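Here is the structure we will look at.
Just so it is clear, none of the values below were taken in a lab; they were calculated from the coordinates. The structure presented is a predicted model; accordingly, all values stated were derived computationally and were not measured.
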Amino acid sequence: MRMIPVIDPGRCSECRGCVEIAPEVFRFNDQTGLMEVAELPEYPQEKVAEAIRFCPEDCIAWEQIDEGDGGRAWPGPQPTDDRRRAAIAVRAAVPR
């Protein structure tokens, strides 16, 4: 199991603040018009936590995945209610 950052596309306003904070993790895809999370073996926890803290739409969260999932954070389906609840719990645990 490992933690990856995920973006809820239904809530994201594409402000690109996360890109300014952690450009090695987040990017805007001009072709799809959506924010993306880069596939990395490890994510810089402090930078991702800062992006989570400053996201105006609260649409970035940590998600726990099995290594067998391939580690893809994006593209993917919009989070289910269970994933939203987990994301809210993670955001609540991150000091603001």
Collect residues whose amide H, placed 1.01 Å from N in the peptide plane, falls under 5 Å from the amide H of Glu63; neighbours closer than 5 in sequence don't count.
Ile4, Val6
Explain nothing, just compute: Karplus ³J(HN,Hα) = 6.51 cos²θ - 1.76 cosθ + 1.60, θ = phi - 60°, for every residue of segment 5-10 in order, whole Hz, x for Gly and Pro.
x, 10, 10, 7, x, x
